[in-house]
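The values are calculated or read from the model by the stated rules, or taken from the named source; none is laboratory data. In this text, all values refer to a predicted model and were calculated from it rather than measured experimentally. Heads up, the Cβs are rebuilt from the backbone with ideal geometry, glycines too, and the neighbour counts pull from every protein chain shown.
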Amino acid sequence: MEEILAFSDAMDLGCGIALPMMMKAMIELDVLETMAAAGSGALLSPEEIASKIQTSNPDAHEVLDRMLRFLAAHKVMMCDEMDGEEDGKSKRRYGLGPVCKFFTKDEDGVSLAPLLLIHHSKFMADTWPNIKACSVRQGVSHL
């Protein structure tokens, strides 16, 4: 079990950009606030969520389903899966996981969403790859 957990940590390090960037997209699309507005413990289908966010993509619900499934695999979202009635395909509904309370506005309108957005902004993304150059060359002008 310990080796499995260590491998999971290694994968998180190796793929560390995917989870925060997925959260960034969810925040920018207003998915988290949309889900929070449905009420505590509410489970929404990707179709329901897509109908409430601004998108011109007719396949947005399919893309959202993939994104939400990824976040559910990382325990950010809750996922309830049930058999499809007509087509036999399973249908998923998603709810906010416990960590999401920190990325949705509280009663004072405060959340960690702006922190995540700034830490994963283009400026920060362009800066981090140059850290090595700063350690090799004199000065910090390379940032």
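Note on segment 72-82: residues that are more than 16 Å from the chain's Cα centre (by Cα) and surrounded by 17 or more Cβ atoms within 10 Å (Cβ to Cβ) amount to 0. Is it fair to say LEU117 is in a helix (DSSP H, G or I) and at pLDDT 95 or above? No, not satisfied. When you go through (1) of a type in the set (Asp, Glu); (2) surrounded by fewer than 13 Cβ atoms within 10 Å (Cβ to Cβ); (3) at pLDDT 95 or above one by one for GLU47, which number turns out not to apply? That leaves (2) as the condition not met.
Of the helices (runs of 4 or more DSSP H) lying entirely inside segment 1-71, those carrying at least 3 residues that are at negative phi and more than 17 Å from the chain's Cα centre (by Cα) are 2-14, 46-52. Looking across segment 83-97 at every residue that is surrounded by fewer than 18 Cβ atoms within 10 Å (Cβ to Cβ) and of a type outside the set (Lys, Arg), the one that is nearest to the chain's Cα centre (by Cα) is identified as GLY97.
Taken across segment 98-112, residues that are over 16 Å from GLU28 (Cα atoms) and in contact with a strand residue (DSSP E or B) (Cβ under 6 Å, 6 or more places away or on another chain) do not occur at all.
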